[in-house]
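The values are calculated or read from the model by the stated rules, or taken from the named source; none is laboratory data. Bear in mind the structure is a predicted one, so any value in this text is a computation, not a measurement. For neighbour counting, all protein chains shown are included, and Cβ atoms are generated from backbone atoms with ideal geometry for every residue, glycine included. In case anyone asks, the SASA skips ligands and DNA or RNA and just uses the protein heavy atoms, side chains included. Shrake-Rupley method; radii C 1.70, N 1.55, O 1.52, S 1.80 Å.
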Amino acid sequence: MSEQARLSNTLACEVRQWIDAHVIPAEGLLDQDDSAAAGKAAELVAAARRARLWGSYYPPALGGRVSSLAAYVPVAEAEGRSEHGPMVFGSEAAVDAHMLFLHGSPLVRERYLAPLAAGQATPAYAMSEPQGIGSMPSTIQTSATLRDGHWHIDGRKWFICRAGRAAFVTVVARTLPDGPAEQALSMIVVPTDAPGFRVERELDILGRHQGQCEISFTNVRVSADHVLGEPHRGMALMRQRLVLGRLLRSSHWLGLGQRCFDLLCERIRSPRGTMAALPDKQLVRRHVFEVHLALTSARALVHAAAEEFDAGRRCDLPANLAKVAAARALGLAADSAIQVFGAEGLSALTPLSGIFRSARATRILDGADEALISSVGRQLIDLEAAAS
């Protein structure tokens, strides 16, 4: 076993124990999304940093301890056992840490990346728009015009994670008025205290407020060196970000799905489950089998895609397969656990109802399943045609 694999196994065990001991007992408070929840979140983040469990997959230069995505996947699964885990362990910002490290100017690294890595600044990523189609970058209308050494940004974005508490937002904007998206979009870092930036409203997800917001930019002005990479070449960065983001999210969803599976099995083995003879019922056994199969299959796809990513190969097809499989596995795990728990599973007496709502959202987050299935289907047809 390699040193990275040993470290990964050790970290995954430590994170699982830590999240079960500290994060899961605090979920009721953290779910409230108020000042008390924010205080508890800050307390947990500080404790995770002291335990050296923060930012495990950040670039090594920023203190990251796991250098390969494949080695990090088991750790990410452990972090994902709670919906709040990625926030507590800093992994919700891992994609931004890598993007700013790889493509940010010296000023961006100093002003935004350093505080992010220290746990002092929360990032957000703004792509989707109210009048656009989230899966079609060509419909993006937010504009950024370069004048006098500054970008002037105007537009509106919505369903932006963490926007309400973000210190800065990476905005996808049209920096050339005409031409295909491939040659007209850029990613620009915008501090949320810039004049003209505004959080318009918080948006619920299936009745729950989870930090998704609609935001606007009215002649927001930032210096030219706030662009990531080369101007007008944002599509390539978007693809890079999407692949990494989908694989990290999928790993977290597997962790949440595994928790549902654990709860399902605990319920079956419990005194009440034994009283109802749940272990002897074939349909209950089928729930256990189907959930285990879905999680095991999705886990294999995530690992395979992560290895392709680490090798520097194009991996949008395996990453899209993994994302769809992980979303389906989580949905099935939450639904099956609720079914076995009965009315309790529908209530706040278990975490399952909240997980179920989050599981439903995964089929839309990071690319709607229909769009990914269509894309993968086309790629497979073309690959078969090329091979024949």
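Listed residues A167, A163, A144; which is more than 22 Å from L372 (Cβ to Cβ), touching a strand residue (DSSP E or B) at 6+ places or on another chain (Cβ under 9 Å), among the aliphatic types (A, V, I, L, M) and at pLDDT below 95? Before the answer, list the steps.
On the way: A167 fails: at pLDDT below 95; A144 fails: at pLDDT below 95.
From the options A167, A163, A144, the qualifying one is A163.
Listed here are the residues, each with its yes/no results for (1) open to solvent by 10 Å² or more (accessible area, probe 1.4 Å); (2) closer than 30 Å to H103 by Cβ.
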residue: V243; (1), (2): yes, yes
residue: G257; (1), (2): no, no
residue: L263; (1), (2): yes, no
residue: Q282; (1), (2): yes, no
residue: R285; (1), (2): yes, no
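Given the criterion exposed (fewer than 14 other Cβ atoms within 10 Å of the Cβ) and under 19 Å from the mean Cα position of the chain (by Cα), identify the matching residue among D178, D204. Explain how you work it out, then say what you get.
Working: D178 fails: under 19 Å from the mean Cα position of the chain (by Cα).
D204 is the lone residue from the list that is exposed (fewer than 14 other Cβ atoms within 10 Å of the Cβ) and under 19 Å from the mean Cα position of the chain (by Cα).
What's the total number of residues in the range 226-279 that are closer than 20 Å to D335 by Cα and among the small types (G, A, S)? Reasoning before the result, please.
Taking the range 226-279 as the starting set, the residues that turn out to be closer than 20 Å to D335 by Cα are 249-270, 272-273, 276, 278-279.
Next, only the ones that are among the small types (G, A, S) stay: 250-251, 255, 257, 270, 273, 276.
Within the range 226-279, residues that are closer than 20 Å to D335 by Cα and among the small types (G, A, S) number 7.
Taking the range 10-58, which residues are among the basic types (K, R) and at positive phi? Let's see the steps before the verdict.
Narrowing the range 10-58 to residues among the basic types (K, R): 16, 40, 49-50, 52.
The answer is R52, and nothing else.
To keep it simple, each residue is scored yes or no on (1) of a type in the set (A, V, I, L, M); (2) touching a helix residue (DSSP H, G or I) at 6+ places or on another chain (Cβ under 9 Å).
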site	(1), (2)
V222	yes, no
H226	no, yes
H232	no, yes
V243	yes, yes
C260	no, yes
R272	no, yes
M275	yes, no
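Would you confirm whether any residue within the range 29-38 is at pLDDT below 95, closer than 28 Å to E110 by Cα and surrounded by fewer than 17 Cβ atoms within 10 Å (Cβ to Cβ)?
Checking the range 29-38: at least one residue is at pLDDT below 95, closer than 28 Å to E110 by Cα and surrounded by fewer than 17 Cβ atoms within 10 Å (Cβ to Cβ).
Kindly check whether there is at least one residue in the range 355-364 that is more than 19 Å from the chain's Cα centre (by Cα) and open to solvent by less than 80 Å² (accessible area, probe 1.4 Å).
To start, the set of residues in the range 355-364 that are more than 19 Å from the chain's Cα centre (by Cα) comprises none.
No: zero hits.
Hey, does the range 369-384 have a residue that's closer than 25 Å to D204 by Cα, surrounded by fewer than 22 Cβ atoms within 10 Å (Cβ to Cβ) and among the small types (G, A, S)? Give the derivation first.
First, pick out the residues of the range 369-384 that are closer than 25 Å to D204 by Cα: 369-372.
Checking the rest, the ones that are also surrounded by fewer than 22 Cβ atoms within 10 Å (Cβ to Cβ) come to 369-371.
Okay, now just the ones that are also among the small types (G, A, S), so 371.
Yes, some residue in the range 369-384 is closer than 25 Å to D204 by Cα, surrounded by fewer than 22 Cβ atoms within 10 Å (Cβ to Cβ) and among the small types (G, A, S).
If I go through the range 46-62 residue by residue, how many of them are of a type in the set (A, V, I, L, M) and buried (at least 17 other Cβ atoms within 10 Å of the Cβ)?
First, the residues of the range 46-62 that are of a type in the set (A, V, I, L, M): 46-48, 51, 53, 61-62.
From what's left, buried (at least 17 other Cβ atoms within 10 Å of the Cβ): 48, 53, 62.
Here the count works out to 3.
Which of the residues that make up the range 200-237 are in contact with a Leu (Cβ under 9 Å, 6 or more places away or on another chain) and assigned to a helix (DSSP H, G or I)?
A224, D225, H226, G234, M235, L237
Looking only at the range 86-120, filter to residues that are of a type in the set (A, V, I, L, M) and surrounded by fewer than 19 Cβ atoms within 10 Å (Cβ to Cβ); which one of those is farthest from L254 (Cα to Cα)?
First pass over the range 86-120, keeping only residues of a type in the set (A, V, I, L, M): 87-88, 93-95, 97, 99-100, 102, 107-108, 113-114, 116-118.
Now drop any that are not surrounded by fewer than 19 Cβ atoms within 10 Å (Cβ to Cβ), which leaves 102, 107, 114, 118.
Numbers: L102: 28, L107: 37, A114: 30, A118: 27 Å.
Among residues in the range 86-120 that are of a type in the set (A, V, I, L, M) and surrounded by fewer than 19 Cβ atoms within 10 Å (Cβ to Cβ), the one farthest from L254 (Cα to Cα) is L107.
Of the residues in the range 297-315, how many are surrounded by fewer than 19 Cβ atoms within 10 Å (Cβ to Cβ) and either more than 21 Å from C260 (Cα to Cα) or at pLDDT below 95 (or both)?
Residues in the range 297-315 being surrounded by fewer than 19 Cβ atoms within 10 Å (Cβ to Cβ) and either more than 21 Å from C260 (Cα to Cα) or at pLDDT below 95 (or both): 7 in total.
So which of I188, I160, I133, I140 is without any contact (Cβ under 8 Å) to a residue 60 or more places away in the chain, in contact with a helix residue (DSSP H, G or I) (Cβ under 6 Å, 6 or more places away or on another chain) and open to solvent by less than 30 Å² (accessible area, probe 1.4 Å)? Full working, then the answer.
On the way: I160 fails: in contact with a helix residue (DSSP H, G or I) (Cβ under 6 Å, 6 or more places away or on another chain); I133 fails: open to solvent by less than 30 Å² (accessible area, probe 1.4 Å); I140 fails: in contact with a helix residue (DSSP H, G or I) (Cβ under 6 Å, 6 or more places away or on another chain).
Residue meeting the stated conditions: I188.
Quick one: would you say A334 is buried (at least 16 other Cβ atoms within 10 Å of the Cβ), in contact with a Cys (Cβ under 8 Å, 6 or more places away or on another chain), over 23 Å from M238 (Cβ atoms) and modelled with pLDDT of 95 or more? Spell out how you get there, then give the answer.
Details: buried (at least 16 other Cβ atoms within 10 Å of the Cβ): yes; in contact with a Cys (Cβ under 8 Å, 6 or more places away or on another chain): yes; over 23 Å from M238 (Cβ atoms): yes; modelled with pLDDT of 95 or more: yes.
Taking the combined requirement at face value, the residue satisfies it.
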